[in-house]
Amino acid sequence: MHRLRPLPVAAFSALTLLIWVNRIWLAWTNADDTVAQKVVWSIPIVAFVVAAAVLLVALLRGGSEASWFRPLVLAFAAATTIYWAIRLPIIWLNDHGLTAEEELGFKLVHTVLAVVSVGAAALAARWARPGREHRSPQHQGSAVA
């Protein structure tokens with residue numbers, strides 16, 4: 001379990017994979033979208049999946065102290081926040097051709113995904129912000145004098 005430290009970054013990355021890996025399949029099996037639309041939808045999906053996978057692999061290899069790790073966490077967290085700040089209002093303002101109940105469910109599910117994603121991003125960014133003391137995984141449970 002020590003390899004999956006810092007936990008906020010591991011949780012943010014795992015949550016992102018859980019949410020976005022399924023979207024790749026959904027984007028490419030939507031018969032209503034053109035290939036160009038599918039490519040456009042795939043850009044943020046692939047970016048989020050790649051960032052999450054890179055961070056998880058780095059954690060598993062003990063690379064959380066690498067010079068690139070914290071900047072990637074911060075960029076990934078910022079991109080997640082910006083994405084949902086743009087996408088959620090679009091979801092709420094558009095009609096998706098569903099029944100009233102389905103429409104409400106669709107919008108509420110995406111609101112929950114946005115809130116959870118941005119919350120996880122904020123916790124990961126809090127860990128990664130410059131100037132924050134970072135202890136190695138073997139010292140994270142010990143008391144500080």
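A short reminder: the numbers here are calculations on the coordinates, not readings from a lab. Since we're looking at a predicted model, the values are computed, not measured. Neighbour counts run over all protein chains shown; Cβ positions are idealised from the backbone, glycine included.
Odds and ends about this structure:
- Test item: Cα-centred dipole of the chain, Lys/Arg +1 and Asp/Glu -1 on Cβ, debye: 840 debye
- Alpha-carbon Debye profile of the chain, log10 I(q)/I(0) at 0.12, 0.14, 0.15, 0.19 Å⁻¹: -0.56, -0.72, -0.81, -1.14
- Most fluctuating residue given options Val116, Val49, Val35, as computed from a GNM of the chain linking Cα atoms under 10 Å: Val35
- The label-point distance for Glu65 and Leu108, in a model that sets each label 7 Å from Cα toward Cβ, rounds to 4.8 nm.
- Segment 33-98: chymotrypsin sites (Phe, Trp or Tyr not before Pro) in DSSP coil with no more than 15 other Cβ atoms inside 10 Å: Trp68
- Each residue, Trp28 and Ala47, gets one label point 7 Å from its Cα in the Cβ direction; the gap between the two is 2.0 nm.
- Spin-label model, Val115/Ala14: points 7 Å from Cα along the beta carbon direction are separated by 2.2 nm.
- Dividing the mean sequence gap of close Cα pairs (under 8 Å, 6+ apart) by how many residues the chain holds gives a relative contact order of 35 percent.
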